[in-house]
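One structure is given below, encoded as structure tokens.
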Amino acid sequence: MPALSPSTLPALAVDARPSARGKFIFVGDDKLYVRGVTYGTFRPDEDGHEYPAADVVERDFAHMAACGLNAVRTYTVPPPWLLDCAWRHGLRVMVGLPVERYVGFLADKKDGLDRLVAVVRAGVRACRGHPAVLCYAIGNEIPAAIVRWHGRRRMVGLIERLYRAAKAEDPAGLVTYVNYPSSEYLQLPFLDLVCFNAYLESQERFAAYLARLQNIAGDRPLIMSEIGLDSLRHGESTQARVLEWQTRTAFASGCAGAFVYAWTDEWYRTGEDVDDWAFGLTHRDRRPKKALATVCGAFAEAPFPPDRPCPRVSVVVCTYNGGRVIRDCLEGLRRLDYPNFEVIVVNDGSTDTTAAVLREYDYRVITTENRGLGSARNTGMEAATGEIVAYIDDDAYPDPHWLSYLAAAFCSTTHAAVGGPNIGPPGDGRFAASVANAPGNPTHVLVSDQEAEHIPGCNMAVRKACLEAVGGFDPQFRVAGDDVDLCWRLRERGETLGFSPAAMVWHHRRNSVRAFWRQQLGYGRSEGLLERKWPEKYNVAGHISWSGRVYGKGLAHALGRPSRIYYGTWGSAPFQPLCEPPAGGLLSLALMPEWYLVIITLIAISALGTLSTPLLFALPVAACAVALPLLQAGLSAARAPFAGAPRSSAWEMFRLRGLTAFLHLLQPLARLRGRLAGGLTLWRRGRMSGLAFPRPRTFRVWTERWRAHEERLRSLKVALCANRAIVQAGGDYDRWDLEIRGGMFGATRVLMAVEEHGHGRQLLRLRTWPRCSPMGVALTLVFAALSTTAAIDPSWPACAILGVAALLAAVRTVQECAASTAAILRTLGPSGAEGL
């Protein structure tokens with residue numbers, strides 16, 4: 001067959017080359033779902049190419065195209081004629097660069113890595129610019145033992161260098177690495193897309209692992225680069241059945257595509273033909289198996305079967321002065337590929353050009369006076385005619401299949417609400433790219449790979465019946481926090497929240513320092529409102545205690561907390577995840593907005609050194625306190641991925657990372673100011689009234705009405721909350737059952753024991769004792785020591801200032817212990833204890 005001429009290839013490549021955008025692959029403006037098979041490896045020809053003769057490849061590719069396939073995965077670099085053949089038949093090729101064959105070069109410390117780089121560069125150079133190239137795969141399943149031998153960090157560095165080498169040869173080409181469960185812990189955020197090989201014969205386990213892989217992939221496309229089953233051991237009927245659900249499950253989980261392993265049973269490896277397995281969709285003589293028809297049928301209906309249920313969805317857009325950004329949102333809603341939905345726009349008293357923009361679109365518009373975001377979302381809920389209400393912000397626009405993935409999640413689960421990722425769109429500029437990698441963006445919190453604790457309101461869908469059952473959104477949240485409050489109320493009611501990784505919206509990030517500052521300021525104020533409504537959800541420092549894991553870009557992690565890899569005994573575990581340490585510890589303090597208050601305090605103590613020289617010791621401590629967030633910001637910016645950002649020069653990347661580091665420092669400062677303005681201060685008073693001397697007490701209550709131990713504790717907690725107490729339940733490793741918080745410095749703990757005396761009679765024993773927090777005691781002792789030091793100097797003004805500070809810390813600690821003690825005594829009064 002004649003090859004495509006060099007003069008033709010560039011013109012074709014300009015319009016036809018794939019690109020990764022968010023969770024999917026696009027060609028131009030069209031989404032490309034990869035429906036592929038693997039091809040090879042075969043016995044090498046006289047030129048060393050591991051492919052059949054050209055006429056065999058021509059027939060194979062024609063057969064693939066007739067079956068509706070659109071992609072082929074090779075394991076070695078294909079010759080130009082094979083790429084031309086694929087292009088003629090509408091097939092795109094995932095080009096394998098067989099790095100795994102040459103990892104032995106790494107033992108040669110002198111030039112081993114350079115030889116690997118040369119292999120990658122030569123392979124990409126042979127294919128670059130060809131329109132049939134889907135992507136380049138720099139390696140396939142480098143053995144877990146080899147990765148373990150060289151170490152995770154070195155292997156990640158190797159793959160990144162190979163990635164950079166491939167991009168240098170073909171900047172417009174997509175580059176990936178094909179991983180597998182035995183080295184799942186390799187974190188490769190620089191890759192353009194994520195590819196995994198996974199062979200699981202249980203549909204439930206396969207779906208669960210796909211959900212895990214989606215969270216690993218984050219904002220990038222996930223392609224299952226190998227799925228399959230051996231028909232020699234399981235039979236052709238079982239192979240067909242398993243491959244059908246594997247294929248359908250992959251697309252239903254939001255994968256951008258899948259490759260079935262393999263096209264044919266013909267396979268050559270390590271110098272010989274392999275005939276003791278049969279993973280192919282066709283026999284060695286290319287006779288089709290049953291699996292070929294079922295796989296092609298599943299591919300033809302991907303990503304959604306035509307007979308899927310499509311419940312009516314009401315899309316609600318709430319806007320206030322969103323004239324600058326809402327047009328993108330409305331245009332995106334026009335492009336939705338879903339048969340049964342309506343759009344309701346709530347104009348919440350806008351004074352800019354929003355009304356004029358809305359008149360250009362044939363959507364239902366409800367105009368109200370400015371009442372805030374929570375009220376506007378309720379207005380949309382009340383007007384909705386759909387059984388599902390989907391919320392999207394005016395500065396976001398949806399992927400065409402947004403509603404389809406949301407509806408599929410609702411139809412396959414009993415979740416009350418479902419959310420998806422919100423991703424910064426490419427092309428928004430340098431500042432938006434940096435904001436996308438800064439803390440403070442809307443993020444989701446997952447308690448498992450498929451169940452959420454919180455989903456952001458910019459991409460949230462709720463069953464209308466569940467939304468009405470909890471009274472809708474709380475209108476006191478005018479700017480933010482309404483989504484967090486709703487999620488907590490739904491979960492408190494016993495409902496669950498889901499997360500669909502493919503239900504994606506593009507969310508414009510703030511494009512100026514002023515806009516970013518105002519956003520974070522509003523978030524801080526909303527935290528104050530949330531803390532007053534949900535005090536039990538906050539820890540003593542005034543921060544939300546999530547039970548799940550927060551996902552998203554721009555998350556800062558505490559220094560000095562290394563992760564661990566689960567290898568299994570002698571590295572034998574088939575699934576080897578990366579185990580992150582739990583949040584917390586002293587080094588986590590530097591991530592909190594209140595760390596700026598610590599810095600101010602240390603600087604103030606240093607300033608007192610002008611009155612008392614020994615206090616100048618605080619100056620180097622203050623310097624260390626300043627250095628911690630600077631170091632954290634620098635490391636976070638250095639690790640930030642900028643896949644969609646301009647990469648014109650090293651200077652441009654330096655500016656991007658410098659701006660990102662600045663935002664890492666600015667965000668907690670803005671959040672701190674908002675929190676203080678919203679009343680969420682470290683010195684805030686508890687809501688309990690009255691004081692009682694804080695000392696240990698013991699109570700005994702005889703009852704002839706039997707109740708379970710857990711039920712009595714639950715009743716006690718409810719009674720304490722009714723008395724406006726902030727109550728925290730003890731954990732799995734605690735020797736106490738309940739803790740009543742008086743504030744940040746003091747609390748009272750409760751321990752209950754129940755003695756069984758038969759015939760439903762019980763003796764309840766309760767012990768209460770005050771607890772001074774380590775922080776309160778530490779502050780008291782530190783200021784007292786500093787005051788003593790100033791007195792020895794002597795510097796009486798400094799001594800007096802620091803002595804007052806020590807006294808205030810001590811008084812506050814005792815006061816909070818007394819208030820919490822009073823709360824438990826009121827609840828356990830003459831009538832309260834008997835009511836337990």
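The values are calculated or read from the model by the stated rules, or taken from the named source; none is laboratory data. Fair warning: this is a prediction, and the values are worked out from it, not measured in the lab. FYI the Cβ positions are ideal-geometry reconstructions off the backbone, even for glycines, and counts take in every protein chain you see. For the accessible areas, the whole protein counts, side chains as well, though only heavy atoms, and no ligand, DNA or RNA atoms are used. Shrake-Rupley method; radii C 1.70, N 1.55, O 1.52, S 1.80 Å.
Residues in the chain average 43 Å² of solvent-accessible surface per residue, probe 1.4 Å, ligands and nucleic acids excluded.
Taking a quarter of the surface of the Cα convex hull of the chain, what do you get in nm²?
Working: hull surface 174.1 nm².
Average of the hull's projected areas for the chain equals 43.5 nm².
In the chain, the longest principal axis of the Cα atoms and the axis of helix 650-677 are about 30 degrees apart. Computed over segment 336-475, the percent of Cα pairs more than 18 Å apart is 62.
Suppose a student asked you for the relative contact order of segment 232-338, using Cα pairs under 8 Å spaced at least 6 residues apart; what percent would you report?
Numbers: 89 pairs, mean separation 28.9, N = 107.
With pairs under 8 Å counted, the relative contact order is 27 percent.
The angle between the Cα long axis of helix 513-533 and the main principal axis of the chain comes to about 60°, on a 0 to 90 degree scale. Going by accessible surface with a 1.4 Å probe and the largest first, CYS487, CYS579, CYS67 read CYS579, CYS67, CYS487. Overall, the accessible surface of the chain at a probe of 1.4 angstrom is composed of carbon and sulfur to the extent of 57 percent.
Relative to the longest principal axis of the Cα atoms of the chain, the long axis of helix 54-66 lies at roughly 50 degrees.
Simple rule: put +1 on each Lys or Arg Cβ and -1 on each Asp or Glu Cβ in the chain, find the dipole, and look at GLY829, HIS757, ALA708; the Cα lying farthest toward the positive end is GLY829. The residues packed around ASN321, meaning those with a beta-carbon under 10 Å from its beta-carbon, carry a net charge of -2 if Lys and Arg are +1 and Asp and Glu are -1.
Run the numbers on segment 683-836 and let me know its relative contact order in percent, using alpha-carbon pairs under 8 Å that are six or more apart. Can you show the working numbers first?
Working: 283 pairs, mean separation 49.0, N = 154.
Once normalised by length, the contact order is 32 percent.
Peptides 47-54, 606-613, ordered by how many other C-beta atoms sit within 10 Å of their residues on average, highest first, read 606-613, 47-54.
Annotation: peptides 739-748, 650-659, ranked by per-residue average of other Cβ atoms within 10 Å with the highest first, follow the order 739-748, 650-659. With the charge dipole of segment 401-507 set up from +1 on Lys and Arg Cβ and -1 on Asp and Glu Cβ about the Cα centre, the Cα lying farthest toward the positive end among the listed residues GLY481, TRP402, GLY440 is that of TRP402. Just want to confirm a number: the relative contact order over the chain, from Cα pairs under 8 angstrom separated by 6+ residues, in percent. With pairs under 8 Å counted, the relative contact order is 9 percent.
Of all DSSP beta bridges confined to the chain, the antiparallel ones make up roughly 50%. Given +1 at the Cβ of Lys and Arg, -1 at the Cβ of Asp and Glu and no other charges, the dipole of the chain around its Cα centre is 2960 debye to the nearest 20.
Once you have the alpha carbon radius of gyration of segment 603-716, what is it after dividing by 2.2 N^0.38 Å, with N set to its residue count? Intermediate values should be presented prior to the final figure.
Values: Rg = 26.1 Å, N = 114, 2.2 N^0.38 = 13.3 Å.
The value comes to 1.96.
An ellipsoid equivalent to segment 41-150, defined through the eigenvalues of its Cα gyration tensor, has semi-axes of 29, 14, 13 Å when rounded to whole angstrom and sorted largest first.
Nearest 500 deg cm²/dmol is fine: what mean residue ellipticity at 222 nm does the chain get from its DSSP H runs of n ≥ 4 alone, each adding -39,500 (n - 2.57), divided by its residue count? Working shown, then result.
On the way: 24 runs with 328 residues, N = 836.
After summing the helix terms and dividing by the residues of the chain, the value is -12500 deg cm²/dmol.
Ranked by the mean number of other Cβ atoms within 10 Å of their residues, highest first, the peptides 348-359, 69-80, 139-150 fall in the order 69-80, 139-150, 348-359. Taking Cα centre as origin and charging only the Cβ of basic (Lys, Arg, +1) and acidic (Asp, Glu, -1) residues, the dipole magnitude of segment 689-777 rounds to 320 debye.
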